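These notes are about the structure you will find just below.
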Amino acid sequence: MKRIYPILILLIGLSAVNKPYAQNLTQVIRGTVVDKQSLVTLPGANVVILGSTPPKGASCAADGSFKITGVSPGRYDLQATYLGYKPVVISSVVVTSGKEAVLEIVLEENISSLNEVVIPGMKKHETINQMATVSARSFSMEEVNRYAGGRSDPSRLVSNFAGVSTPNDSRNDIVIRGNSPAGVLWRIEGLNVPNPNHFVTLGTTGGPVSALNPNALKNSDFFTSAFPADYGNATAGVFDIHLQDGNTEKREHMVQFGALTGLEAMSEGPFKTGGKASYLITYRYSFTGLAQNLGISIGTAATPYYQDLTFKINSGDTKLGRFTLFGLGGTSHIAFLHTTIDSTDIYANPGEDSYSNSTIGVVGVKHFIRLSKKIYWNSVVGITYSENGYALDTIPEGVAPVRVRDSKDKEIRYGINSFLDYKVNAHLMVKAGIQCDFLRLDLRLLDRQYSDAWKSIWAYRGNTSLLAAYLEAKYRISEKFTLDAGLRSQFLTLNNAVSLEPRIGLKYHVNEKNTIGLGFGLHSQMQPLSVYYYRELLPDNTYDESNRALGFTNSLHFVGSYEVRPFKDWRIRTELYYQALYDVPVSQDPNSFSMLNEGSSYAPTEEGNLANNGTGTNYGIELTVEKFFSHGYYALLTGSWYQAKYEGSNGIERNTAFNGNFVYNFLGGKEFKVGKAKRHSVSVDLKFSHAGGRYYTPVDLEASRAAGKQVYMGEAYAFSERYPDFYRLDIKAGFTYNSKKIRLSQTFYIDIQNVTGHQNVFAQQYNAVTKQINTLYQIGFYPNFVYKIQF
């Protein structure tokens, strides 16, 4: 409780400075309007609130800024227009009594002749990255917090999108089109970062709890295939995260308490009145122990502890450009003790004590400078730190615990991402850049779980680097045709592995309602560091370290898309894709092992003697039917039907561990305006998910009994059986109160996850105590609640 007092004192103190206003307090919508390609401001652009009576709007000042005052709390659609540019509609802008709405609106220059039809712009779901053609969409902080069952986690948000499957209540690993979650690239403010989750293990990209606070995020991009050339070292997809800038005109604050997310506070504002510089900082501390005390299962009797902090400081525009300092830090730890668990615990073993901890840190500096009206230079340099520890003790009867496994790994990454963007004219934009990641590693793993003597699995301390360069261009042939093309190359200094990766995309607007897209890309990725530095003890007491010679895994992506907008605020989109993976690490001995299954066990791969001889194939079709939020409601239906196959060194084609064959989601919600002035709102949201069960290798019961540990059945049974399908229904209800007299808004919602209590299978696991195979289930009925105050 001591940690709570400073935040509560801060809340009381800050509330005291909130001055009362007259009846029916109003708010402000403000921001800037810029050219989409050059990011130059557009003085004189007009921004209006659609459907407002009387009409409300503003024109941009000389610096491209606009401000619309006298706006009552609610949701609004805005339209931005400028002579010679496509008009853009920004949907569902949320205004509350406690927070201003601050926007950056981008407009695209027309290239049409007088008798050519101009395709209007559309802001909703359009990516921030201008080079995206297919398999990409943006998402907002508001969506992360709106959808039912999302746990305020960006990773769980994207699981609602077509092509993404995360039928796992215990972790947020992102499985894209049947690929391993290890194939996902994470980027924050342009800086490549390690796994941004709590309770992570080396080589993974997911975890039980995200360290990304959604209250600190702004619109970000998510890619599922054939992504542009400025993204690399990924074969599955990209999560490109952007952080909010602090308010430059007034200080605003937020305090939130949730059963799952814990207690958090956020503050933002200018450093001084009238200045351009701003800050934003947010901190969270978990209280999952509260849920356990209420009798709500979180999948384990052990209590997880975690906390994280996010900040961003923006200098504003200066003579030397715009500088941004940003950072993210998080720590987590948990102890699974044999005295506090039972047979239903999905994480622990009743004959063992285990201890896990992880730390993540990201600090970066970004510099944006305009060299001319058509050219700008953007650079980010930063340091990321990742540390993971794991210890395992066995509990012999009548004897003190015995340490049998001890692991600790550290990674310090110095990153650079610098590019030059040149808008040649309204038709052509060119972008060229370099990216460098310098890695310092300290890997250690000792094990004697099934032997008397300690065995060194990892023992490495040293450096390696991944260097990359790219060139890409966007050419608008006409208002209907757009061509995106790029070339990327990357080089790994560890073993001189090199790649050359072409990317190309074509988009054709048949008319205002119909669009066709085509995409192709070759994507290469280095192996997890734990794989390179794994060493296998040989009979002569020497080590096989041949994994260090492994090259990149390569994946060819082919995508075709068709989108139609049958009605206002509706869109229907389908994508057909094929992915051919090659140079996949597999064992040099004939067996079923393949790195395409990396991440299925949530533990680092301990496999040596590998070679780049494996292959894989992913193909499928996806459908999205979406009603954007308007007239008080939204709906989203997504469906994916796919296959994910691989071949190990034995040449037998098998299902991968991530081949669920299908997944579909339905989400919907309705918002009701209440109160005399309709300032407040009541919302109801629901989500239903159904995903195919994944393939797994069954446990050999008799062999496990004989060995005293879990033993899987032979090669003939590798990924031969399938778990039952995953079903889950989530319902969420909330209320938002907007004060009339002070700048304060309050939101409370309860999010009931797995309403029906359906028992989704987590795994089948051999229990050395009962000498039986236990079926472990995922989290059942789980009510989560959140209370938030903005002022």
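The values are calculated or read from the model by the stated rules, or taken from the named source; none is laboratory data. Bear in mind the structure is a predicted one, so any value in this text is a computation, not a measurement. A quick note on method: Cβ atoms are made from the backbone with ideal geometry, for glycine too, and the neighbour counts reach across all protein chains shown. In case anyone asks, the SASA skips ligands and DNA or RNA and just uses the protein heavy atoms, side chains included. Shrake-Rupley method; radii C 1.70, N 1.55, O 1.52, S 1.80 Å.
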When every protein chain stays in place and a 1.4 Å probe is rolled, Lys455, Lys732, Lys513 sorted by accessible area with the largest first are Lys513, Lys455, Lys732
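Among the listed pairs Lys36/Lys410; Lys568/Lys687; Lys507/Lys673, which are separated by more than 29 Å between their Cα atoms? Before the final figure, lay out each step's value.
Details: Lys36/Lys410 40 Å; Lys568/Lys687 23 Å; Lys507/Lys673 40 Å.
Distance filter (> 29 Å) returns Lys36/Lys410; Lys507/Lys673.
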What's the carbon and sulfur percent of the chain's accessible surface, probe 1.4 angstrom, rounded to a whole number?
60 percent
Along the Cα→Cβ direction, 7 angstrom out, place labels at Lys673 and Ser52. What is the inter-label distance in nm?
1.4 nm
If DNA, RNA and ligands are ignored and the probe is 1.4 Å, what is the ranking of Leu729, Leu50 by accessible area, most exposed first?
Leu50, Leu729
Given a Förster distance of 56 Å, report the FRET efficiency between Gln643 and Arg444 from their Cβ-Cβ distance, rounded to the nearest 0.05.
0.90
Report the extension gain between His758 and Ala62 in nm, rounded to one decimal, defined as 0.36 nm multiplied by the number of residues separating them, less their alpha carbon distance.
244.7 nm
Taking only protein heavy atoms into account and a 1.4 Å probe, give the accessible area per residue of the range 363-494 in Å².
47 Å²
Which label in [x] 81, 56, 47; [y] 138, 85, 67; [z] 96, 65, 49 gives the computed Cα extents along the principal axes in Å
[x]
Classify the range 61-114 as rounded, prolate or oblate from the Cα gyration tensor: take a ≥ b ≥ c as the square roots of its eigenvalues, call it rounded if a/c is under 1.5, otherwise prolate when a/b beats b/c and oblate if not.
prolate
Enter the accessible area of Val584 (Å², nearest 10), with the probe set to 1.4 Å and all protein chains included.
0 Å²
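How do 215-225, 475-485 rank on mean C-beta neighbours within 10 Å, highest first?
On the way: 215-225: 23.0, 475-485: 16.7.
Top to bottom by mean Cβ count within 10 Å: 215-225, 475-485.
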Compare the peptides 564-574, 169-179, 417-427 by average per-residue count of other Cβ atoms within 10 angstrom and give them in order, highest first.
169-179, 417-427, 564-574
Straight-line reach from Lys771: which lysines have Cα under 20 Å away, leaving out those fewer than 8 places along the same chain?
Lys709
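Answer rounded, prolate or oblate for the range 200-260, using the Cα gyration tensor with square roots of eigenvalues a ≥ b ≥ c: rounded when a/c is under 1.5, else prolate when a/b is larger than b/c, else oblate. It would help to have the intermediate numbers written out before the result.
Values: a/c = 3.32, a/b = 1.48, b/c = 2.24.
Verdict is oblate for the range 200-260.
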Under a Cβ-Cβ cut-off of 15 Å, what is the net charge of the residues other than Leu500 that fall near it, where Lys and Arg count +1 and Asp and Glu count -1?
-1
Dipole of the chain (Lys/Arg Cβ +1, Asp/Glu Cβ -1, origin at the Cα centre): which of Ile416, Val402, Pro87 lies farthest to the positive side?
Pro87
Would you mind checking the tilt of helix 4-16 against the longest principal axis of the Cα atoms of the chain, expressed as 0 to 90 degrees and rounded to 10?
0 degrees
³J(HN,Hα), Karplus 6.51/-1.76/1.60, whole Hz, each residue of the range 471-480, x for Gly, Pro:
9, 9, 9, 10, 10, 8, 4, 7, 5, 9
So how much accessible area does Cys60 have, in Å² to the nearest 10, using a 1.4 Å probe?
10 Å²
Cα gyration tensor category, rounded, prolate or oblate, for the range 446-498 with a/c compared to 1.5:
prolate
What whole number of Å gives the distance from the Cα centroid of the range 743-772 to the Cα centroid of the range 451-513?
37 Å
Taking Cα centroids, how far is the range 643-662 from the range 244-277 in Å?
47 Å
Would you list Lys272, Lys673, Lys687 from the most to the least accessible area, probe 1.4 Å?
Lys272, Lys673, Lys687
In the structure shown, of Lys56/Lys276; Lys312/Lys431; Lys374/Lys474; Lys67/Lys670; Lys513/Lys627; Lys312/Lys732, the pairs separated by more than 21 angstrom at the C-alpha atoms are Lys56/Lys276; Lys312/Lys431; Lys67/Lys670; Lys312/Lys732
Along Cα→Cβ, 7 Å out, is where each label goes; now give me the distance between the ones at Gln588 and Thr770 in nm to one decimal.
4.3 nm
